Every structure is written in structure tokens, then in C-alpha cells.
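The values are calculated or read from the model by the stated rules, or taken from the named source; none is laboratory data. The structure displayed is predicted, hence computed values, not measured ones. Glycine gets a Cβ as well: all are built from the backbone with ideal geometry, and neighbour counts include every protein chain shown. In case anyone asks, the SASA skips ligands and DNA or RNA and just uses the protein heavy atoms, side chains included. Shrake-Rupley method; radii C 1.70, N 1.55, O 1.52, S 1.80 Å.
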Amino acid sequence: MNASKTDTRLGLAITLAVAAFLIGPVVLSVLAGLTKNYFVGLSSGLTLRWIEQVWSLYADTIWRSFAVALLTLAICTVVGVPAAWVLTLYRGRLARALEELLTLPVAVPGLASALALIVSWGTVRGLRGSIWFIVIGHVLFTLPFMVRAARASMHGADLATLDEAAATLGASRAQRFLQIVVPNAASGIVTGALTVLTLSIGEFNLTWLLHTPLTKTLPVGLADSYASMRLEIASAYTLVFLLMLVPLLVGLQWLAARGDRPSRIASTRTSSP
């Protein structure tokens, strides 16, 4: 009994230490963005001045990042979910080779992928200076995460068997995909969407090489503020980023939890006599 209590306390202490290590720097950065003078500390007083400066200087980068992330998510969903279903149905060598090819941009450094895009598509008229050039890079980087998450959900629910049963009853391919595959794989799709959004909004390496002065995104603007502004402004930029990103992540996790609920109910009914 005493050993069990000791293990519990030790585990709790380790968890709190790790949480403090991870969350502590974020808290300090947020406080730096709200103090009048970071080097003096909280005794200098609190202010919203730095947040106002960030909004006046970098508001366009924030909205542009969300636009890029949403466009990336839309394309990854439209392309990635059907691709995951195809990879679930066909498990031969060609499917495995295609999956490995999809994951290649994740293994390649972001700067190398960006350079390849510039060499391949940088001369296309109107593309180099638009946000669509960044969206293309983000899709290449985040698409494997959507495919992997959706495919894991499809494989775990054994949707191939349900698809075959629906086909024997006369359902068309589109009906089977939209009415059977997508609803039952909703939790994996939402998980993939959460990953795509977070990676796209926070992606820096690839975006830094693809952006122009007119297509600067939030992470690039954040790096710019760190290099050329006061520490308080850079910290306020981080605070604005968290205030806009955290509610979005909480909402997506809530949707993922709701997507898991029907599958849990269905599995309970199936297992009950």
C-alpha cells in the first residue's frame, strides 16, 4: 500500500515537473508581453500597449496565416480522405509505394522542399507572389498527416467490410463513401484536420523561403518581430498567436470527441448480446 502511494506521488511529481518545464516559458513570454518593461518585471506595471502595436504592425500576417491554414485544410481534406480510403482498400505494393511517396515531404527538410517548389513553379506567372504558392508548400507538408490519421480510423473500424456489404445492397461508390466511410472515420478525419491546422499555422522553415514581403505569414512575422523589435512586442505577438490558436484547437478537439461518441455507442451495441 505504501509502495503504491509512493509510486503515485512520484508519478505526480514528475508530471508536475514536466508540465512546469513545458508551460513555464510560455507563461513568462505571455507576462513579458503584458508588462511595461520586461527587465524591470511586474513592478513596472501591466499594459496592453505592446498588443496594440503588434495588431497595428502584424494584423495582416495573422489573418493571412489563418487563410493559408484553412485553404490547406480544405485541400488536404478533399484530397487526403479519398486517398486514405484508396490506400485502405488496396494494400498491394503500389499502395505502399504511394504511401511512402506521400510521406517523403515530411522527411525532407522544409528549406529543401521550398527550394524545389521555387525551382519547379517559381516562374509561373502570378504564382510566386501569391499566398497560393505557400498553400502548395503547406499541402505537400501536411497531406501525409491527414492521410495517416484518416486511414488509421478507416482501418480500425473495418470499413472495407461495411463497404462490401453496402455494395451488395446496390449502393453506389459515392453513396458508400459519403454515407458510410466519412461518418465512421470522422474521428480520424478531425484528428487529421487538427494536425493540419496546427502544422500549417506554425510552419516556419518552408514558409520563410516561399514568402514575399506581401505574403508574410504569422511565424515569419513573429521571427521578424524577434529580430527587429523590443522583447515585449515579440512576446505580445506570441500572446496574440495563442489567443487566436487555442480556441480553435479546443473547438476541434471537442468535435473529435463528439465524433468518437457514435463509434463508442456502436461498438457497445455490437458487443452486447
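Values computed for the structure shown
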| read-out | value |
| --- | --- |
| Thr168 being at pLDDT 85 or above and more than 16 Å from Thr88 (Cα to Cα) | no |
| Sole exception among (1) modelled with pLDDT of 80 or more; (2) crowded, with 19+ Cβ neighbours inside 10 Å for Ala32, by number | (1) |
| Residue tally, condition part of a helix (DSSP H, G or I), surrounded by fewer than 20 Cβ atoms within 10 Å (Cβ to Cβ) and of a type outside the set (Gly, Ala, Ser), over the stretch 173-218 | 14 |
| Output for the stretch 36-56, where each listed residue is of a type in the set (A, V, I, L, M) and either over 30 Å from the mean Cα position of the chain (by Cα) or open to solvent by less than 90 Å² (accessible area, probe 1.4 Å) (or both) | Val40, Leu42, Leu46, Ile51, Val54 |
| Filter result for Leu162 (free of Cβ contacts under 8 Å to residues at least 12 places away in the same chain and of a type in the set (A, V, I, L, M, F, W, C)) | no |
| Test: Ile118 is farther than 29 Å from Leu249 by Cα and at pLDDT 85 or above | yes |
| Criterion: more than 20 Å from the chain's Cα centre (by Cα) and closer than 23 Å to Leu71 by Cβ - qualifying residue of Leu159, Leu178, Leu197 | Leu178 |
| Pairs, first more than 19 Å from Pro219 (Cβ to Cβ) in the stretch 41-60, second open to solvent by 40 Å² or more (accessible area, probe 1.4 Å) and part of a helix (DSSP H, G or I), C-beta under 8 Å, six or more apart | Leu42/Leu31 |
| Cβ-Cβ under 7 Å pairs, at least 6 apart or on other chains, the stretch 104-117 side over 9 Å from Phe141 (Cα atoms), far side aromatic (Phe, Trp, Tyr) and outside any helix (DSSP H, G or I) | none |
| Cβ-Cβ under 9 Å pairs, at least 6 apart or on other chains, the stretch 167-184 side closer than 14 Å to Ala84 by Cα, far side among the hydroxyl-bearing types (Ser, Thr, Tyr) and part of a helix (DSSP H, G or I) | Val181/Thr88; Asn184/Ser153; Asn184/Ser263 |
| Qualifying position, being under 28 Å from Leu214 (Cα atoms), in a helix (DSSP H, G or I) and open to solvent by 70 Å² or more (accessible area, probe 1.4 Å), among Leu162, Leu101, Leu143, Leu111 | Leu111 |
| Residues (surrounded by 13 or more Cβ atoms within 10 Å (Cβ to Cβ) and of a type in the set (A, V, I, L, M, F, W, C)) located in the stretch 72-85 | Leu73, Ala74, Ile75, Cys76, Val79, Val81, Ala83, Ala84, Trp85 |
| Test for Arg91: is it in a helix (DSSP H, G or I) and open to solvent by 50 Å² or more (accessible area, probe 1.4 Å) | no |
